[in-house]
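One structure below.
What follows is calculated from the coordinates using simple rules that are stated; it is not laboratory data. All of these numbers come straight from a predicted model, not from anything done at the bench. Glycine also receives a Cβ, built like all others from the backbone with ideal geometry; neighbour counts cover every protein chain displayed.
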Amino acid sequence: MRDAVDLDAAVAALAAARSVTIVCHVQPDADTIGSGLALALVLHRRGVPVWVSFAEPAELPVSMRSLPGVHHLVPPAQVPATVDLLVAVDCGGVNRLGALADRLPGAATTLVLDHHRSNTRFGTVNVIDPDAESTTSLLARVLDAWGEPIDVEVAHCLYAGLVTDTGSFRWVRPGTHRLAERLLATGIDGGEIARTLLDTHPFDWLPMLSRVLGSARLAPTAHGGLVYAFVRRDDVDGVGPEEVESVIDIVRTTAEAGIAAVFKESRTVPGRWTVSLRSRDTGPGTQDGVDVAEVATALGGGGHRFAAGYTAFGEPDDLVAALLAALG
Ligand code: MN
């Protein structure tokens, strides 16, 4: 059973707002940006002043630059200090806002729209559905409840989050394809959106994969194998964050791995690593799937049951030891 989600609370906050800031999460993906831009398009259509931003990195990943509504994105410095309503999209906790968390106190109302199981409910209004495939699919339900039509540009943004967060419709639930069909019926080109977001990489992606995958290791844990790999600063010349994010989707397909991890070194802060975790729900050596959201939360991060992440500092060997200890 799906828990009741109070869509009306989101609608009330959005309908009453006279100015809106939308904050997407740091290291943005197509779900947070797609949600932010779709909502910005709707608010702009209603004549409401709207700003969309994310704290870091400084540039939007190349793959997302052709999304409709991208002109509503502003650098963090241009986000007003005070606003009627601040909406955080696809952010499981305040830390996901990065430096833009300092805009929370200046907002009369804060609305958290999210689908992360680990969400800390940091808004004054929290509309969270851990069963939603993507934040864009939750937003589609909010727009329906609000009576705001999903036009072709809004549909493009919503589909961007849906196709990426479902892993190209691998991780789906009843209703996922119904929403996809409805968005496609507006006239968007689903194939082109998926190709742009998921299947377009610079040539340097190939030598990067060669280096990174060549260093992958398999370690036993109580929950089956842990396969892990490191993406070091020296490995990422000529590639963007989308290419770095693609590594986990290869590593996690290893049959021996109940759990997959990719340690990604910061390009700007030496010794800081962001760690992607994935769990299999079934397969050899697994015990009905490890809840990696729990593991990530224990290590200071968060996420979903089968996909989560955290930030860590230190030497590679110590990071692996800490993860193995947390896995038990
Ligand atoms: Mn998401």
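A Förster radius of 25 Å, combined with the Cβ-Cβ distance separating residue 84 from residue 6, puts the computed FRET efficiency at roughly 0.80.
I'd like the antiparallel share, as a percent to the nearest 5, of DSSP beta bridges with both residues in the chain.
Roughly 45 percent of the beta bridges in the chain run antiparallel, per DSSP.
Under the simplified labelling scheme, the residue 255-residue 181 pair shows an inter-label distance of 3.6 nm, with each label point 7 Å from Cα along Cα→Cβ. Between 0 and 90 degrees, the angle of helix 30-45 with respect to the longest Cα principal axis of the chain falls at about 10 degrees.
Restrict the search to region 125-214; then list the trypsin sites (Lys or Arg not before Pro) that DSSP places in a loop and that have at most 11 other Cβ atoms within 10 Å of their Cβ.
Numbers: sites: 141, 170, 178, 182, 195, 211; in loops: 170.
Answer in residue order: 170.
With semi-axes defined as the square roots of five times the eigenvalues of the C-alpha gyration tensor, the equivalent ellipsoid of region 180-328 measures 26, 21, 15 Å, largest first. The Cα trace of region 86-152 gives Rg and Dmax of 12.3, 35 Å, the first to one decimal, the second as a whole number.
Annotation: extensible slack from residue 192 through residue 217 equals 5.5 nm (criterion: 0.36 nm per residue apart, minus Cα-Cα distance). Taking every alpha-carbon pair under 8 Å whose residues sit at least 6 apart, region 205-327 reaches a relative contact order of 20 percent.
Could you list the chymotrypsin sites (Phe, Trp or Tyr not before Pro) in region 167-256 that lie in coil according to DSSP, counting only those with at most 11 other Cβ atoms within 10 Å of their Cβ? Can you show the working numbers first?
Details: sites: 169, 171, 203, 205, 228, 230; in loops: 169, 171, 203.
Those that pass, being in a loop and sparsely packed, are 203.
Residues 116, 71, 223, 177, arranged from fewest to most other Cβ atoms within 10 angstrom of their Cβ, appear as 71, 177, 223, 116.
Coupling constants for region 62-70 follow from the phi torsions by the Karplus curve (6.51 cos²θ - 1.76 cosθ + 1.60, θ = phi - 60°), and in residue order they are 3, 5, 9, 6, 9, 5, x, x, 5 Hz; glycine and proline get x.
Over region 1-103, what relative contact order in percent results from Cα pairs under 8 Å that are six or more residues apart?
Values: 150 pairs, mean separation 39.3, N = 103.
Normalised by residue count, the contact order of region 1-103 is 38 percent.
Per residue, the chain reaches -10000 deg cm²/dmol at 222 nm when only DSSP H runs of four or more residues are counted, each adding -39500 (n - 2.57). By the count of neighbouring beta-carbon atoms within 10 Å, fewest first, 33, 128 end up ordered 128, 33. Note on residue 172 and residue 108: the model spin-label points, each 7 Å out from Cα along the C-beta direction, lie 4.3 nm apart. Dividing the mean sequence gap of close Cα pairs (under 8 Å, 6+ apart) by how many residues the chain holds gives a relative contact order of 14 percent. Taking the alpha carbon gyration tensor of the chain, multiplying each eigenvalue by 5 and rooting it gives semi-axes of 32, 21, 20 Å, largest first.
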